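Worksheet for the structure shown next.
The values are calculated or read from the model by the stated rules, or taken from the named source; none is laboratory data. Remember, predicted model here, so these are calculated numbers, not experimental data. Cβ placement follows ideal geometry from the backbone for every residue including glycine, while neighbour counts extend to all protein chains displayed. Just so you know, the surface numbers come from the protein's heavy atoms only, side chains and all, with ligands and any DNA or RNA stripped out. Shrake-Rupley method; radii C 1.70, N 1.55, O 1.52, S 1.80 Å.
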Amino acid sequence: MPETQQPTAVQSIPAPAARSFQLARIVTEVSAPAVLVGMLLLLQPLLSPGVTWLQGIVAAGFTVGLPFLGILWLKRRGSVTDHHIGVRSQRAPILAATALSLGIGVLVLILLDAPAVLFGEIGGVFIGLVLCMAANLVWKLSVHSAVAAYIGLALLAPVPVVGPALALMLASVTGWSRVKLGDHTPTQVMAGHLAGCAAFAAALLLP
């Protein structure tokens with residue numbers, strides 16, 4: 001009698017569900033905080049007068065580049081579960097180290113005579129970082145959603161005609177991906193969106 005092939009876990013998932021799960025994974029990676037914040041800072045030479053490419057690269061490097069490399073190192077050592085820091089208790093030390101790296105980057109940018117507008121962008125990111133760190137001390141707020149809301153308002157909303165719709169789409173699709181993957185609840189996603197909007201509103205008060 002020929003052997004009967006047992007269905008694998010992937011085979012047992014209906015094709016449409018498997019495709020939507022794969023799409024959610026792609027969206028989560030593309031809209032990761034390091035990607036979106038890095039994009040915001042690297043684009044500053046094109047968006048803000050007086051910001052040089054060196055200054056933009058330094059800002060992105062210290063704000064997201066070095067912290068992300070640190071996360072990958074910790075993951076390799078087994079100190080964190082994954083590069084998205086899915087375990088809430090692991091998040092506060094990572095976010096605190098990110099804030100320290102950001103502060104060192106600010107000092108370097110002062111030496112590079114960076115314009116105030118770049119410090120304003122970094123300040124907004126820092127405010128969002130503090131809000132997310134405070135929330136994650138007691139509850140698993142979605143950092144993906146917070147960053148997506150902030151970047152949507154900062155980069156997309158100013159685009160004429162379609163900007164607000166694009167900003168809403170970025171926040172919504174990112175939030176959907178986090179819920180679809182089971183990493184967050186809808187409430188945690190909405191709280192992230194509110195944190196991102198609050199950080200952006202506070203950043204408007206900066207120089």
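Among Ala191, Ala149, Ala198, Ala165, which is the only one that is more than 23 Å from Ile26 (Cα to Cα), assigned to a helix (DSSP H, G or I) and not β-branched (Val, Ile, Thr)? Step through it out loud before you land on a result.
On the way: Ala191 fails: more than 23 Å from Ile26 (Cα to Cα); Ala149 fails: more than 23 Å from Ile26 (Cα to Cα); Ala165 fails: more than 23 Å from Ile26 (Cα to Cα).
That would be Ala198, the only listed residue that is more than 23 Å from Ile26 (Cα to Cα), assigned to a helix (DSSP H, G or I) and not β-branched (Val, Ile, Thr).
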Taking the stretch 141-181 and keeping residues open to solvent by 10 Å² or more (accessible area, probe 1.4 Å), more than 17 Å from Ala202 (Cβ to Cβ) and of a type in the set (Ser, Thr, Tyr) leaves Ser172
The one condition Ala59 fails out of (1) modelled with pLDDT under 95; (2) in contact with a Gly (Cβ under 8 Å, 6 or more places away or on another chain) is (1)
Taking the stretch 59-94 and keeping residues without any contact (Cβ under 8 Å) to a residue 60 or more places away in the chain, of a type outside the set (Gly, Ala, Ser) and under 23 Å from Leu109 (Cα atoms) leaves Phe62, Val64, Leu66, Pro67, Phe68, Leu69, Ile94
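Could you tell me whether Ser20 is at pLDDT below 95, touching a Lys or Arg at 6+ places or on another chain (Cβ under 9 Å), of a type in the set (Gly, Ala, Ser) and open to solvent by less than 90 Å² (accessible area, probe 1.4 Å)?
Working: at pLDDT below 95: yes; touching a Lys or Arg at 6+ places or on another chain (Cβ under 9 Å): yes; of a type in the set (Gly, Ala, Ser): yes; open to solvent by less than 90 Å² (accessible area, probe 1.4 Å): yes.
In short, yes.
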Residue set Ile94, Ile122, Ile110, Ile71; condition more than 17 Å from the chain's Cα centre (by Cα) and in a helix (DSSP H, G or I); output residue Ile110
